[in-house]
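Okay, structure first, notes after.
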Amino acid sequence: MFAYYLDLALRSLKRNKALTGLMILTIGFGVAASMTTWSVFRAVSGDPIPQKSAELFVPQIDPWGPTARNVDPTQPGDIGPPDALTYEDATALMRDHRASLQSAMYQVGPSVVPTDPAKHPFSVPGEAVFGEFFRMLDVPFKYGTGWSTNSDASRAQVVVISSHLNDQVFGGGDSVGKMLNIEGHDYRVVGVLKHWNPQPRFYDVVNAGTFNSQPDDLFLPFNTAIAMGMTNQGSTNCFQSPKQTGFVGLQHSSCIWIAYMAQLDNASAVRQYKTYLDGFARQRYPDWAPNVRLRGLMAWLDYEHVVPPDTKISLYVALGLLLVCLVNTAGLLLAKFMRRSGEIGVRRALGASRRQIYAQFLIEAGMVGLAGGVLGLALTAFGIAGIGWVLPRDIAALAHLDWSLLLITLGVAIVAAMLAGLYPTLRAAAVQPAWQLKSN
Amino acid sequence: MQIQPILAALRHHKAGTMLIALQIALTLAIVCNALFIVHQKLAHLSQPTGIDEANIFVINNQWADSMSGPQIDAQMQADLAALRQLPAVHDATASESYPLSGYDWDDFITMKPGQVQKTTDAAVYFGDTHFLDTLGLKLIAGRNFRADEIAPLAPHHDTVPPVAIVTQKLADKLYPNGSALGKTFYAMNPAPVTIIGIVQRLQRQEVETWSAPYAYESLIFPRRLDGDGTYYIVRAKPGEMAAAMREAEQALIAQNRMRIIDPKDGVLTFAQVRHRAYDSDRGTAILMGIICAVLLVITGAGIVGLTSFWVGQRRKQIGIRRALGATRRDILNYFLTENFLISGAGAVAGIVLAIAINLWMIAYVQMTRMPWFYVLAGVVVLLLLGQGAALAPALRASRVSPVEATRSV
């Protein structure tokens with residue numbers, strides 16, 4: 001029966017090519033607009049580290065107290081602790097070492113001096129981190145490994161570089177053990193990463209920018225970077241001016257500029273850590289009630305508004321377009337089906353049940369959906385290829401067509417067309433055979 | 001025109017009528033909200049910076065060596081002297097940022113040293129005596145910095161200079177009665193800062209949503225920041241931009257090659273700076289525009305389709321009406337009026353929906369109130385679209401011959 005209905009549907013669709021074409025175009029455009037914007041939204045709102053995100057937490061501690069919360073008369077009340085830590089709080093948390101893995105970090109942008117004197121030095125984006133960073137975030141190594149806790153403590157001049165920087169400076173290959181000149185000092189390469197550029201750059205969204213097509217090129221020990229006076233490239237936020245001057249003054253100030261991430265393996269570890277943070281804040285800042293937060297990674301990304309509001313609005317508008325397309329297709333299908341009241345009357349009179357009429361017309365709607373889906377797929381591919389033309393490069397680069405998007409596009413198109421066909425089909429099946437036969 | 005018979009006929013096509021009206025309502029609601037967003041984006045990206053954009057370019061200069069503060073300061077002064085001597089260069093200055101550079105340095109501003117709540121939030125620029133001339137800022141009161149007021153500043157050294165030049169917007173915010181010149185304010189430091197000059201306009205370094213209440217509230221401190229790098233802002237002589245850009249980079253490399261000027265992003269014309277700063281705004285505006293156009297085309301095509309179907313269905317009735325004396329014009333008017341009634345009903349529902357969507361966006365996605373003008377424009381556009389789409393089928397209907405009345409099917 002299915003094959004027969006397919007044949008009927010094809011005949012019916014061929015009968016009025018303009019109307020059929022219009023429906024296919026409508027579904028195609030609606031689906032393509034939704035899928036293109038969704039592919040961008042999916043990319044920017046996705047989980048950057050799905051296997052681990054549930055165990056990663058970001059602590060916040062209020063170093064400024066209640067007066068800072070009243071600075072802005074337009075935003076009264078408790079706005080929570082700031083979104084980074086002071087140097088002293090971060091290093092104290094590192095010393096206490098209460099999570100199973102943890103790292104304080106800050107963004108650096110040192111210059112790398114090539115060994116070949118004919119080449120110009122260049123600056124590279126990087127992050128000063130602790131040795132546990134790599135294990136905590138499942139950072140993939142091509143050669144070598146990260147550094148040990150001892151290297152952290154002894155301020156060793158070691159560095160982990162990206163494969164990109166490895167190609168650029170050493171021409172690729174296993175460069176473990178080679179020396180890299182950073183700001184005039186030699187650092188021993190201990191590890192070379194595979195391509196690793198999680199989006200959003202979840203480990204330091206406050207400073208490293210949320211979406212960036214250029215990966216961090218080097219990672220060096222936090223304590224070494226501090227000792228070398230390597231200043232931070234990210235934001236520095238002060239409530240009061242530092243009492244001492246210079247980078248050392250910044251380290252002893254209440255300015256916030258350090259990002260922090262901790263791995264807590266289960267709910268009880270999270271509870272214990274929260275209690276520890278409360279105690280920590282009470283001890284460090286006895287003048288006010290502890291004001292701390294401990295957010296899971298995904299909640300943290302949400303709190304930081306990582307998803308650009310424009311991508312959200314674009315998605316909503318495109319979904320609105322899909323809805324209009326649905327209503328449009330429903331209207332056209334209704335017209336098409338009701339035009340065939342006579343045919344339906346004959347089929348019903350010859351013994352077709354309502355259920356068979358449903359099947360026949362839903363299959364016809366589904367065919368429109370399938371054709372619309374194929375067109376929508378082509379348009380989506382076109383849309384994703386062209387999205388870089390309208391959206392910022394770093395975000396557009398994230399959108400891509402894959403199997404799941406392909407299947408979803410086809411699925412959405414068919415479901416949309418069948419939904420649109422639902423009411424017209426109900427109406428078609430309600431046709432009274434006697435009335436139709438009489439009137440003709 | 002007789003509306004009664006049209007309404008009676010529509011009662012037989014409830015579903016089709018409802019679907020068209022619903023489609024019009026949704027289209028109206030989406031289009032006017034989307035156009036409002038487009039307009040906001042365009043208004044945002046056409047805000048003036050207050051500087052001589054046509055002749056300015058910016059060099060992002062990073063130091064390759066770890067140099068000491070005094071070394072950096074000496075090198076910067078030598079660089080600036082070299083840049084200013086170039087034949088195609090009008091003037092040059094060094095600063096840690098420039099309008100639309102994105103990196104922002106802002107200070108809470110208060111009127112008294114111990115004040116808890118900030119009076120406002122100002123964007124901070126560092127500049128020397130050439131800053132005003134290089135950017136082409138218009139000094140409307142007071143004076144420029146004197147050479148003896150300019151001092152080097154090491155990073156993270158928080159000494160506030162005793163004098164500053166502020167924008168008119170900031171001056172008016174601090175002293176609404178217009179008497180700002182010569183008065184003082186405090187910038188997160190117990191030492192007062194005296195306003196010695198007021199410039200007409202200077203945009204902030206970033207144009208994010210958070211700083212919108214403080215737009216154009218900028219101040220210039222007479223300082224040279226000796227950081228890991230600096231921006232050299234260069235104003236070319238009119239029409240000599242390309243030559244000036246070429247000369248400037250060569251002159252800097254000739255001065256000292258231990259510097260990093262990114263081959264791709266190191267030297268940017270201000271047009272490029274503007275283009276990048278508003279990347280996302282422009283993109284969203286284009287995307288919304290495309291979606292609106294597709295939406296209107298689809299709705300128009302849907303109306304054509306359904307009206308054609310109705311005309312086809314009623315050929316016999318049209319024939320009878322024609323046979324009974326109705327003119328072609330009557331038939332044409334019938335279908336146009338029918339469409340107008342449906343579109344009108346859809347538009348009324350659409351107005352409600354449009355306002356609801358706007359209110360929802362105000363609550364959830366930082367949107368402002370949509371002026372009534374957008375809704376009105378949306379209604380006019382959709383009514384015209386409806387009439388235009390119904391015109392071809394209605395004309396076809398008007399050409400139905402009275403003979404059709406005699407045919408059986």
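Taking region A:1-114 as the region of interest, the helices (runs of 4 or more DSSP H) fully inside it that hold 1 or more residues being closer than 30 Å to A:A359 by Cβ, touching a residue at least 24 places away in the same chain (Cβ under 8 Å) and among the small types (G, A, S) are A:2-15, A:17-45. Which condition from (1) within 14 Å of chain A (Cβ to nearest Cβ); (2) assigned to a helix (DSSP H, G or I); (3) crowded, with 16+ Cβ neighbours inside 10 Å; (4) more than 38 Å from the chain's Cα centre (by Cα) is the one that B:I6 breaks? Every listed condition holds for B:I6 apart from (1). Taking A:G421, is it in a helix (DSSP H, G or I) and more than 16 Å from A:K336 (Cβ to Cβ)? Answer is no for this residue.
Each residue in region B:10-69 was checked for being surrounded by fewer than 21 Cβ atoms within 10 Å (Cβ to Cβ), more than 13 Å from every other protein chain (Cβ to nearest Cβ) and part of a loop (DSSP other than H, G, I, E, B), and 4 of them qualify. Yes or no: region B:97-105 includes at least one residue that is more than 14 Å from chain A (Cβ to nearest Cβ) and either without any contact (Cβ under 8 Å) to a residue 24 or more places away in the chain or of a type in the set (D, E, K, R) (or both). Checked region B:97-105: no residue is more than 14 Å from chain A (Cβ to nearest Cβ) and either without any contact (Cβ under 8 Å) to a residue 24 or more places away in the chain or of a type in the set (D, E, K, R) (or both).
Here is a check on your reading of the model: is A:M298 facing another protein chain (nearest Cβ under 9 Å) and surrounded by fewer than 20 Cβ atoms within 10 Å (Cβ to Cβ)? Against the criterion (facing another protein chain (nearest Cβ under 9 Å) and surrounded by fewer than 20 Cβ atoms within 10 Å (Cβ to Cβ)), A:M298 does not qualify. Taking region A:404-421 as the range and being over 14 Å from A:G376 (Cα atoms) and under 18 Å from the mean Cα position of the chain (by Cα) as the test, only A:S404 passes.
Here is a yes/no grid of residues against (1) among the aliphatic types (A, V, I, L, M); (2) under 30 Å from the mean Cα position of the chain (by Cα); (3) not assigned by TED's automatic domain parsing to the domain that holds B:A293:
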| position | (1), (2), (3) |
| --- | --- |
| B:T17 | no, no, no |
| B:I24 | yes, yes, no |
| B:A34 | yes, yes, no |
| B:F57 | no, yes, yes |
| B:L80 | yes, no, yes |
| B:Q85 | no, no, yes |
| B:A94 | yes, yes, yes |
| B:I109 | yes, yes, yes |
| B:V116 | yes, no, yes |
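Of all residues in region A:198-242, those being small (G, A, S) and farther than 12 Å from A:Y106 by Cβ number 5. Inclusion of A:D265 among residues that are touching a Gly at 6+ places or on another chain (Cβ under 7 Å) and not in a helix (DSSP H, G or I) is not warranted.
Among the residues making up region B:153-175, a single one is closer than 24 Å to A:Q233 by Cβ and of a type in the set (D, E): B:D158. Do the conditions hold for B:T93, that is, is it assigned to a helix (DSSP H, G or I), touching a His at 6+ places or on another chain (Cβ under 8 Å) and among the hydroxyl-bearing types (S, T, Y)? No, not satisfied. With respect to the conditions (1) among the basic types (K, R); (2) surrounded by fewer than 20 Cβ atoms within 10 Å (Cβ to Cβ); (3) touching a Leu at 6+ places or on another chain (Cβ under 9 Å), A:R282 falls short on a single one, namely (3).
Can you pull out every residue in region A:8-17 that is surrounded by 11 or more Cβ atoms within 10 Å (Cβ to Cβ) and either more than 18 Å from A:G342 (Cα to Cα) or within 43 Å of the chain's Cα centre (by Cα) (or both)?
Our first condition is that a residue be surrounded by 11 or more Cβ atoms within 10 Å (Cβ to Cβ); within region A:8-17, this holds for A:8-10, A:12-13, A:15-16.
Within region A:8-17, A:A9, A:L10, A:L13 qualify.
In this structure, A:I408 does not satisfy being within 11 Å of chain B (Cβ to nearest Cβ) and either hydrophobic (A, V, I, L, M, F, W, C) or over 30 Å from A:G342 (Cα atoms) (or both).
Residues in region B:274-307 that are touching a Pro at 6+ places or on another chain (Cβ under 8 Å) and more than 9 Å from chain A (Cβ to nearest Cβ): B:T307 alone.
Being buried (at least 16 other Cβ atoms within 10 Å of the Cβ), more than 10 Å from chain B (Cβ to nearest Cβ) and closer than 30 Å to A:A428 by Cβ narrows it down to one residue among A:R347, A:R354, A:R339; which is it? Step by step, each of A:R347, A:R354, A:R339 is checked, and only A:R347 is buried (at least 16 other Cβ atoms within 10 Å of the Cβ), more than 10 Å from chain B (Cβ to nearest Cβ) and closer than 30 Å to A:A428 by Cβ. Of the helices (runs of 4 or more DSSP H) entirely within region A:288-359, those holding at least 3 residues that are of a type in the set (S, T, Y) occupy A:309-339.
One residue stands out in region B:110-131 among those that are in contact (Cβ under 8 Å) with a residue 24 or more places away in the chain and charged (D, E, K, R): the one that is nearest to the other protein chains (Cβ to nearest Cβ), namely B:D121.
Yes/no per residue for (1) buried (at least 21 other Cβ atoms within 10 Å of the Cβ); (2) within 29 Å of the chain's Cα centre (by Cα); (3) among the β-branched types (V, I, T); (4) under 28 Å from A:D96 (Cα atoms):
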{"site": "A:A153", "(1), (2), (3), (4)": "no, no, no, yes"}
{"site": "A:A156", "(1), (2), (3), (4)": "no, no, no, yes"}
{"site": "A:G177", "(1), (2), (3), (4)": "no, no, no, no"}
{"site": "A:F202", "(1), (2), (3), (4)": "yes, yes, no, yes"}
{"site": "A:Q214", "(1), (2), (3), (4)": "no, yes, no, no"}
{"site": "A:F219", "(1), (2), (3), (4)": "yes, yes, no, yes"}
{"site": "A:I226", "(1), (2), (3), (4)": "no, no, yes, yes"}
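Looking at region B:150-216, the strands (runs of 3 or more DSSP E) lying wholly inside it that each contain 1 or more residues that are under 31 Å from the mean Cα position of the chain (by Cα) and among the small types (G, A, S) sit at B:163-167, B:193-199. Taken over region A:391-404, residues that are crowded, with 20+ Cβ neighbours inside 10 Å and either in a helix (DSSP H, G or I) or among the charged types (D, E, K, R) (or both) amount to 2. Look at region B:1-24: where a residue is closer than 14 Å to B:T307 by Cα and modelled with pLDDT under 90 and a partner is among the acidic types (D, E) and buried (at least 19 other Cβ atoms within 10 Å of the Cβ), sitting 6+ places away or on another chain with Cβ atoms under 8 Å, you get B:I6/B:E338; B:A9/B:E338; B:L10/B:E338. Is it true that some residue in region B:229-237 is among the basic types (K, R) and under 31 Å from the mean Cα position of the chain (by Cα)? Scanning region B:229-237, I find at least one residue that is among the basic types (K, R) and under 31 Å from the mean Cα position of the chain (by Cα), so the answer is yes.
With respect to B:E240, is the statement that it is more than 23 Å from A:S241 (Cβ to Cβ) and within 14 Å of chain A (Cβ to nearest Cβ) true? Here the answer is no, as B:E240 does not meet what is asked.
Being buried (at least 21 other Cβ atoms within 10 Å of the Cβ), assigned to a strand (DSSP E or B), among the hydroxyl-bearing types (S, T, Y) and more than 14 Å from chain A (Cβ to nearest Cβ) is a condition met by no residue of region B:255-271.
The values are calculated or read from the model by the stated rules, or taken from the named source; none is laboratory data. Computed from a predicted structure; not experimentally measured. We place every Cβ from the backbone using ideal geometry, glycine too, and count neighbours over all the protein chains shown.
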